Each structure stands twice: as structure tokens, then as C-alpha cells.
Amino acid sequence: MTIGINEFIIVSSLLFLIGFLGVILRRNTIIIFMSIELMLNAVNLALVAFSRYNNTMDGSIFVFFIMTVAAAEVAVGLAIIVMIYRQRQTILVNELNQLKG
Amino acid sequence: MSFGFLSVYYFFGYTGSIYFNDFSMMYSHLLFSTIWIPFICGLIFLVSVKDVKTLGARLLGLCGGVLPFVFAWILYFKYDASLLEAYNFELILPTGLESLGIFLHLGLNGISLPLFILSATVGLSAIVYALFSNAERLNLYVGLLFIMFSGLMGTFASVDLFFFYFFHEFALIPTFIMIMIWGGVSRHAVALEMTIYLTLGALLSLIGLIALYQQSGAEAFNMIALKDALLEQPISEVLQNNIFALLFFGFGILVSLFPFHTWAPKGYGAAPTGAAMLHAGVLKKFGLYGLLQIAIPFLPAGSEAWGFWLLLLGLGNILVIGLVTLAQKDLKQMIGYSSVMHMGYAFIGLGTFSILGAGGVLLLLVAHGLSVALLFLLSTCIYKRFSTFNMDEMGGLGQIAPNLSAFFALAILASIGLPGFANFWGEFIIFTALGESESTRWVLYLAALGIIISAVYGLRAVGNIVFGVAKESVIQANTGSKAGDMNPIEKFSATVLLGSLLLIGVYPKIFSDYSNKTLQNIYSDTSLLLNDEYVGDFKLERDTEYE
Amino acid sequence: MDILTNLLSLLFLPLGTSILIIALGKHRKKYAPIVAFMSAIGALSLSYILLRNLPESVHYSWEWLAFGDSKFYIGILLDNIGATMLAMVSIVALCIVTFSIGYMSDDAAKGRFFAGVAFFMFSMTGIILADNLIMIFLFWELVGFSSYLLIGHYFQKEEAKSASQKAFIVNRIGDFGFLIGIILTYWQFGTTNIELLSIQSGIDPSLMSTFIGFLLICGFIGKSAQFPLHVWLPDAMAGPTPVSALIHAATMVAAGIYLLIRIDFILTSQVLLFIAYSGTFVALFAGFCAFAQDDIKRILAYSTLSQLGYMAAIFGMGYSGIALFHLITHAFFKALLFLGAGAVIHACHHEQSIFKMGGLFKKMPITSITFIIGTLALCGVYGFSGFYSKDSILIAANDYNGTLFYFLVFGAFMTAGYMGRLIWIVFFGKANSEAASSAHEVSAVMTVPLILLSGFAIFVGLNAYWPFGLGASIVSDLDHLHHLSGYKEIHKWVLILGSAAWIVGLGVSLIFYGKGSSEDRLQLKFPKVFAFLQGRLWVDELYQYYVNHIQKPVAEFLSFVDEVILRGIIVRGGAGLVGVLGVGFRLLQVGKINNYVLWFFVGLLLFWLYGIDLF
């Protein structure tokens, strides 16, 4: 069986969905970050697949941007998590609810 | 920062123009000074004055109160009723918002002149009384009162509609603060309720004003430009109806039109004296002034469409609220309700759409402003003697404080329309205007019942307070150096108001002549707007049905 | 001095006096009586000078207020009728002020009293001199205000408070009709000027309207205490007696009749018919009520009411001149009676019940004689002033309508009856209380006015001898009467019936009530009749019922609606609704990031759906 674009789309969407559910449903902030990374990588996969499918370079170039931004975001995010842990001794999201109305 | 620049710019341009002998503009600048003198005084009191009981502070306060009053009367005597554009003492200062057509355009015409002097008079009385009172944080109180005063002077002196609204809000916010801090019972809730309700009303009217400006295509956001634009091309009837509705209900809320009046009694009941005097006496007239000056002349078709509601709701004020006033036991609430009732007369006077009716409304506005301010002043004086506002617990004031009783009785009699005071002329002219046409006569029959209702509650109040024998505890509290009869400050404040009432009551021509000329001017011009050809070319935006 | 200055001084002298007395401040008590007295003398002299050189009719007018095409004026009109009223008012006022100096000598607030009386004189003069209906209304209300002030003079008493309130409010009810009538007149005729109105209604009688006429006489009904607005007059006796004499006998209540005389030409025949009948009704009704009163002032108050009914009746029959005549004679003898009653009350140490007096003739001869003179004048005894006016009334009534005539004669009989009751009980027999037995004649300052007034009570009926041609309208009306067909027979018949009325009335009252009784024999022998008479047709109770059971609940209901429904439910409820919305939205803010991300995606989804037009 040839692996066409559809299979890539399915895999990418599944990964994205898993990541999304992880963001929604997990309590641990680090896990949420990992899920965000998963979503980003799912998008990367899709972009590369389309780039190959359309024989253009646009998608691949964009992948570089995403990877850079993801890296920077993780760096900043993890630093914030560490500071939060120092302040509140917890990184569970249901305990970090000072913005509750 | 821009405010700083603007003020410096004004100050130099302004003093420069005075010095470089522009004496023809002197009176215009005098007009402007009646606005910024109280404002500066207010700022000084708020920021720098620590103890109001010192001579310096008192002198400053007196200047701030007396100078606008004196200037207002000077302007009165210099008023020239034959001016073609009908606005005297015009002063136009730039604001940086010229692209929107907004200038600081000041001026007085026959409609705003009496209200302007009313504002100056009530302001003088309120400020003198407040200066010598014993409120806490008096410097704040007097400062806020001055700012409110300057806003009031500005409202009636404005020809520009933006500043008309601006000065109104300027005067409303200090009211809110004053009620919050120095008010009586339940002041937090009441202050919020009153301010939000009034701001809602002002907002509705602002939308109406802006709509009027946009639709008329006037070149600047002021009354003169609007009139010129509307003379050339009037607005279509449907639009007039809608804009008038906005203005009517917006201004109506501000003037406590039935059934939008519920903010008034509790609000006045909780307000401190100066705030109540200035608000009920002057700020309330803002709405009716707006209707008289702007809504009715510029929107004749809209006025006609809503005329019935003007009459009906005004009657509601008189009859329903009149009866409600009968059931009040608290003196301040009774005065608050009675002030709502008298506004009913003004609305039905406007509903006649005649010069006579409009003139009567003007007289009544001035008279009512003076009398209700006087009543609030005296109610505080009475409170000082009895330590309660409940009329059932009072009695025998004639024994303890004969002068105060006399003032109070006269104030009540003035407000119920005894001849010799200005209210009589206002009410009488309005009634006469109602009797003119068959269609409004039924309103006359019902509205005249108001004179009986007001006599009942007014005299009942006097009976409960002045007549009878005073309780021992009250007599004790009032002998010697304590409250007793009226002190000179109370007498001065009350006399200023009562004297003006007498003056206008005995010689109403003092205001009616100028008002008459302006009203004739306005109504004869706008009669052009009533001719049938106007509906013609103007295309209006209809709401398209969504398929 | 020229006429205008004279008129203006006449009008403003009392006002100036009032202001002066107030301005005297602490010295009021000492100087007020003198100032008031000088002012009354001044007013009388001004009137004298004015009337001596009075031209045919004096008319001044000043524009006072104008809006658009409508103009309102203040002006002066002084014709024969006004001049007659002016003369009477000045003389009566002088006598009453003099009397008050003695009567109020031990009152701490006499400054306020004299200032009030002076202000009243100003308002009354304003009504007399007014040249248009609006100005009459203006001073009409001011007269009501003076009355309020003076009735409430003893302000610490509960009855003074309710009486003064009642007087003002009932007057206001009358003024309500009067005001609407004036406004409708203005639009109907284009003016409220009396002279112009008479000219216009002469030219175009179709302009006159019964509806407007009825509205205009509402003022009269209120001010002159006709049925059903009569309830304030008896209660008004709570004021000092000179006030009752001045205001509620001689002048203010007469202002209503004066108004009628002034607007005579604008009243249609239906209105006149109504006035005639209602006047007769009041004449009888008040007479019945007087029998059940034991307060000397109240008896006199009801007597005033009855006489006002006579004046109204004769006016309604078309003889406004005779109404004026009776007004003038009544003013003098009623003022005399009230002042006499005041003297009696003063001597008996403020005892006002007639059953606690008795035998005062011997103790207070001057007062008694003058009082009896007044009574005889009131009863229409031949030779006294009341006879001449009452006689003419009865003659005119006979010609107008037989039934009304007999009613009026019966009324005369009743007048003699209740006045006889008063006299026999108060002045004859034995003293019935401590106060009465220690009574003695009052001081000269009080007896001189009494004597003066009794002179007028006797001679003022001879209207042919009135100086300066005053009372011309009376002469013309009397002339008209003399030329009625069958005048001689009518006159004879009226003389017989009239004399019979007072003779029988005085006699029956003497026999029935006896001299100096200490209790009311009518009450003893016919208690049910007495109770019915005391009920006075329960009009007062009706008003009280209305105030307490209709007006008050309605007011409180409306207050409830306003407070709870309008303010509570709608306004604060609206605010509450917004608050609920706020609480609702607050629930969304859980603080958990997960939920926020979910909402973010939901929003994104909605936007996408909107973008692809699924919405």
C-alpha cells in the first residue's frame, strides 16, 4: 500500500488531537507543555507532508520557524513553571487558580 | 499634559485679548470667568486648603461664590435682546477637536439667561451655607461643591453641545462623590443607583444629540450651526421621531419624568445639603433646558409625534407622584417627591408647543429651582433643631425658632404656588397655555388638581413642623448657645433664595421679556420647518429585511 | 393728591405697615398696635379723600407679563361698586383694629397678629381695586393666605392647626374651579379685563358659556363658604375673635359676593338660577345648624353663612345691587356682633359656651346694648339697617318665585330664633358659671368701636343718605323694585310677614329656651332632632371619610407601587438582573487554564463556522 497524503493527514490530526486532549484534560503543567509540543509537532508533520506532496519548499521553511518558536517558548515556559513551583509549591493547574472569578 | 498646554494657551490668549483692549469681548470673558473662577477655587480647596475655618479660606470661598453671582447679574443688565443671532456674549475658544466640530462656544440667550442666573443664585446660597457648616473634611466638600458649581454655570452658558453634555457630567460626578461620603442613610447604594440612572439618561440624550448633529449635516456641534443647517434642510420625519424619542427619554430621566423618577426621592433623601440644593435646584433643569432649547425647536415633527406622551407622562408626574407625596413621612423625601411633581407641570407646559407654554416653563424652572433649593436648605436647618427628618416626631418649631418657621412656611407656600412668588406665574402661564386648544384642555382639568394636592401636603408639612407644642427634649436641645433660631449664615442663604423668588414673583417681567423675544425668535424660525415640502428629497436608511 | 397716587397708597399702605411691623423685630409687641391703628386711620383718610373727588370710573392698566401674543395686565378699576366696598372696608377695619388693641393686649404675639391683619387689608384692597380676573385671583389667593396666617394665630393649639389648614385647602378647591374658569374665559373672550368682558358679552352674548360660569363661581363657593365648601367657616372660629369679625364676617367672605357682582354680566341664566337656589338652601341649612351650636362664635359663624346665602339668593334673582346692599349692612352689624362676642368672651375669661354665660346684661351694659342692636339689625327689625336690605330681598323674592320667598321668610324666622336663643341665654337670667358672674364691662378701647359700629348698624340702611353718591347700583335696583307691578301689595305683605318673622322668632325663642338657661332645652326635649341638627348634614364627616379612607389609602398604595414595583422591581430589579448576568459570567472564570483553552477553541470553532456561513 502506498502511503499517500491522506495517511499523513490522519496521523497528523491524531497527534494534534492527542495533544489537544492532553492540554484540556491533564493537571500537571509540564504534561500540558508536553502536549502543546505534541500539537506543534503534529503541525510540523502535516506541513512537511504537504510540502513534499506539493513539491514546494514553503511548508518546510515554515517548519523551521515553528521549531524555533517552540524552542523559545519551552525555554520561557519552563522557567515560569519553576518560578511558580517556588512560589506555590505545586504545579497542578487546578491548584493554580488565583484568577478564579 | 495636553490639558496643561491647553490651559496655558487659554490663559495667555485670553488675558492677552483682554489687555489688548478688546472691550467688546469683555462681557464674553466675564461669562467665561463665571465658569473658571469656581473651578479654580474648587481645585484650590481640594488640593491646598487644610482648614476651611481660617479667614483666608473663607474669603476665597466667598469670592468663588459671590463673584459668579455678581457677574451673572452684570451680564443680565448688559443683555441686549435685539441681537440678531439671539446669542449674547459669544465666546469661541479652540479645543483641538475642530475636526469633530467641537469648540468651547459660550453664549447666553433668552432661554439660558434666567437659568444661568438661577444657577448663580443657588450656587451662592449653597456655597455660603457649606463654607460655614460643620461637615467633616470640609475642604473636600467645599472643593467638590465648587467644581459642581462651575459645571452648572458651564452647562447653561454653553452653546456647543459637546460642552453642554460635558459640563453636565462635570457637575454630576461630584454629586456622586458627595453623596457617597457625606450622605445620609443608605448612601452607598443610593449614590450608585442615582448616578448610574442619571448617566444612563445623559447617555441616551448624548446619543440623540450626536444623531441630531450627524443627520443635520451641521458644520459644528453647536446650536447655532444646527439651526442654520436644519433651516436649509430639515431632517425626515421618521428620523425626527426617533431622535426626539432618544432626547425625550434621555432628558426625561434626568428631569425625573414619570416613571423614570425613582432615583430622585431616595437620592435627595441621602444627599447632603449643598449637593441636594445644587442638584435639585439647578442640575435637574438641564434636561428641560435641553428639550426647550434643542429638541423641540429643531425637531418639530418629532415633538408633535411624541407630544401626547409629554402630556400624559407629565400628568403622571403631577397626579401619581402628587398622591405619593401625600404619603411621605420623611421631610426630605417629601421635598424630593414634590420636586418631581412640579417637573410634571414643566413637561405639560412643553407639551403645548406654544410660546406661552414655553415661557411658563421657563418661569417655572427658575421658580422651582429657587424654591426647592430653599426647601432643602431649610430642611437641614430644621434637622439641626429636631435631630430627625421624620415629620411625625416634629412639632412646635414656631415656639423654638420663629424666624425659621416663617421662612419654612413661606418656602412651602411659594412652592405650592402662592401669588407673590415666582412659582405662581410659572404654573399659571402653563395652565393658560394648556387652555388654549381643545385638545389640551383635558390636561388642564387634570393638572389643575395638582394645586389642591400640593396645598394638602405642603400645609400638612407646615402643620406638623411649625404648629403644635414642642417636646421638652427639643426645647432643651435648642436653648442657650445651641441651635435655636436662625443664625446669620442660614438667614443669608435663605434670604438670597426667598428674595429672588419674591422679586420674580412680584415682577416677572424681569426675565420674561428676554425669554419672550428669544422664544419668538426660535419658534418663528422653526415654523419654517413645519411646512410640508421638507419630506421630499431626503433619503433615509431603511432597515433592510434579511432574506 | 392725584387719583393714581391715592390709589397706589391705598393699596400699598397696609403692605408697608405689615412689613414695618415685621421689621420692628423685638419692639413689635410695643409698637405694633399703634402702627396698625395709624395705618387704619391713614387708610380711612385716603379713602375719604379719594371718594370725595371720584370721577365716573377710574381705570389704570399696566402690562405685567407677555409671551407671544398673550399679554397679562395688572390694573386698577374703581367704579361705584368698588368705591362702596372700599368705604365699608376702611371703616370696619378701623373699628376692628381699635378693638383688637384692647382684645389682644395680653397676647404675646400681637405683632404677628397686626402684621397679618395689615397684610390682609392689602390683599382685600387688591381684590376691590382689581380690574381683571387674573388680578382678582392673585389677591384672592393672598387673602386666603392671610386667613391661613390669622386663623392659625394660636399655633400651639391643635384646632388652630387643623382649622387653618382646612380653610386654605377648601379655598384652594374653590380656586381650582375658579382658575380653570378664568383661563377658559381668557381664551373664549381674549381678555380677562372686567370692563372689556362686559362690553364683549354685550356685543356677542353667544360667547357666554354656562360651563365657564359654573367654574367661575367655584371661587365664590369656596371663598364665601357656600355649600358644599362651607366646612371651613365654623372651624375658622379657632382664630382670635377680631379675625373672625374682620375676615369671616365683613370682608373676606364678602369678597365672594363682590366677585359675583363683578362678573354679573358673564353668568348665564342657568348659573344665576343655580346661585339663587343654592343660596336659599344655604340660608336655611345654616339656620338649622345654628340651633345646635353652643359656642357663641359658631352660632355667629353659621349666621354669617346664612346671610351669605341671602346675598347669593338675591344675586341669583338678578338684583346684584341689593346683594351689595345686604353685603354692606351685614358687614357692619356682623362685625358688631362678632366684636361684641369678643368682648363677652374676653370678659368671661375666654369662656365661649353660651350655656356657661348668663345675666351679662347687668354686668356689661354697653356691650349688651350694642349686641342687641346688632341682633335687631340682623333680624331685620324695622328701623335698623338690616331691615332695609332684608325687606328688599324679600320683595324681590316674592316677585321672582313664591317658594323661594316663603323659604327666605322662614329663614328670617329662624334667624330671629337662634339669635334670640343666643341673647336670652347669654345676656339675661342668672350667671351660669364663675367666669360669667365675675364679668365686668370691657375697657373703652373696646367699647368705642362697638358703639360706633352700632351707630352704623342702625343708620347705614338709609342708603339714600350715603355720601359721595356711593351705592348707585343699589339705588337703581331699588328703583326697579318700586316699579314692579303690584308693588304696594307685595310690600305690605312682606312687611307683615317680615315683622311676624322676627317677633315670633324672638318670642318663641324666649319661651322655649328661657332666660339664662344652663343647658339646651332642644337637646333635652327633642334629642333626636337636636342630634340631626348637630350633624349638619354630615358634610364634614364625609370629607373626613374621604381623606382618611380614600385619599390616604390611595396615596399609600401609590407610594407602595412606586417604592416596591417601580423602584424595587423594575429599576433595582433591572440592576439585579445585570448582577445575575455578572454572576453567571463569573462562573466561567474557574481559574483553571484547561478550561480557558477549551473556551478558546470553542470560540475559534464558532468563528470558523461563521466564516463558512453555517451561521
Query raised in the report: For B:VAL122, C:VAL445, what's the fewest-to-most ordering of other Cβ within 10 Å of each Cβ?
Result: C:VAL445, B:VAL122
Report summary line: Of the listed pairs C:LYS26/C:LYS157; C:LYS110/C:LYS334; B:LYS329/B:LYS471; B:LYS491/C:LYS166; C:LYS356/C:LYS528; C:LYS166/C:LYS356, those with alpha carbons more than 21 Å apart are C:LYS26/C:LYS157; C:LYS110/C:LYS334; B:LYS491/C:LYS166; C:LYS356/C:LYS528; C:LYS166/C:LYS356
Query raised in the report: Per-residue ellipticity at 222 nm for the protein assembly as shown, helices alone: DSSP H runs ≥ 4 residues times -39500 (n - 2.57), over residue total, nearest 500 deg cm²/dmol?
Result: -23500 deg cm²/dmol
Report task. Just rank B:ASP330, C:ASP107, C:ASP479, B:ASP160, fewest to most, by other beta-carbon atoms within 10 angstrom. Result -> C:ASP479, C:ASP107, B:ASP330, B:ASP160
Requested in this report: Using only the alpha carbons of segment C:151-225, determine the length spanned along each of the three principal axes and report them from longest to shortest in whole angstroms.
Outcome: 55, 20, 17
Report task. Compute the acute angle (0 to 90°) between the alpha-carbon long axis of helix C:402-427 and the principal axis of greatest extent of the alpha-carbon atoms of chain C; round to the nearest 10°. Result -> 80 degrees
**Report entry** Scaled radius of gyration (Cα, divided by 2.2 N^0.38 Å) that the protein assembly as shown gives
**Finding:** 1.18
Report summary line: When the charge dipole of the protein assembly as shown is computed with +1 at the Cβ of Lys and Arg and -1 at the Cβ of Asp and Glu, the Cα pointing farthest to the positive end, of C:VAL475, C:VAL448, B:GLY307, is that of C:VAL448
Query - Cα-only Debye scattering, segment C:527-606: base-10 log of I(q)/I(0) at q = 0.12, 0.18, 0.27 Å⁻¹ - result: -0.67, -0.88, -1.12
Report task. Using only alpha carbon pairs under 8 Å that are at least six residues apart, calculate the relative contact order of chain B and give it in whole percent. Result -> 15 percent
Query raised in the report: Where the eigenvalues come from the Cα gyration tensor of segment A:5-88, what are the semi-axes √(5λ) of the equivalent ellipsoid, largest first, in whole Å?
Result: 29, 16, 4
Requested in this report: Determine, for B:HIS368, C:HIS491, the number of other Cβ atoms within 10 Å of each Cβ, and report the residues in order from fewest to most.
Outcome: C:HIS491, B:HIS368
Requested in this report: For B:LYS284, list the lysines whose Cα falls under 19 Å from its own Cα; do not include residues on the same chain fewer than 8 positions away.
Outcome: B:LYS266, B:LYS332
Report task. Consider just the alpha-carbon atoms of chain C and return their Rg together with their Dmax, both in angstrom. Result -> 30.6, 118
Report summary line: Given backbone amide H placed at 1.01 Å from N, residues whose amide H is under 5 Å from that of B:ASN88, ignoring those fewer than 5 places away on the same chain, are B:LEU108, B:ASN109
Query raised in the report: From the square roots a ≥ b ≥ c of the eigenvalues of the alpha-carbon gyration tensor of segment C:572-615, which class results: rounded (a/c under 1.5), prolate (a/b over b/c), or oblate?
Result: oblate
Query raised in the report: Dividing the convex hull volume of the Cα atoms of segment C:149-308 by its residue count, what figure in Å³ per residue is obtained?
Result: 99 Å³
Report summary line: Partner shielding of B:454-466, taken as the mean number of other chain Cβ atoms within 10 Å, equals 4
Report summary line: Counting only residues 5 or more apart in sequence or on a different chain, those whose built amide H sits under 5 Å from that of B:LEU104 are B:LEU93, B:THR95
Report task. May I ask for the angle, rounded to the nearest 10°, between helix B:422-434 and the longest principal axis of chain B, with both axes built from Cα atoms and the value confined to 0 to 90°? Result -> 40 degrees
**Report entry** For segment B:212-324: rounded, prolate or oblate by the Cα gyration tensor [a/c cutoff 1.5]
**Finding:** oblate
Report summary line: Inter-part gap, Cα centre of segment B:288-340 to Cα centre of segment C:391-442, in whole angstrom, is 54 Å
Query raised in the report: For chain A, what's the relative contact order in percent, using C-alpha pairs closer than 8 Å and at least 6 residues apart?
Result: 27 percent
Query raised in the report: Straight-line reach from C:LYS363: which aspartates and glutamates have a Cα under 15 Å away, not including same-chain ones fewer than 8 places off?
Result: C:GLU434, C:GLU441
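Every number in this text was worked out from the coordinates using simple rules, so none of it is lab data. Computed from a predicted structure; not experimentally measured. Quick reminder, even Gly has a Cβ in these numbers, built from the backbone with ideal geometry, and neighbours come from all protein chains shown.
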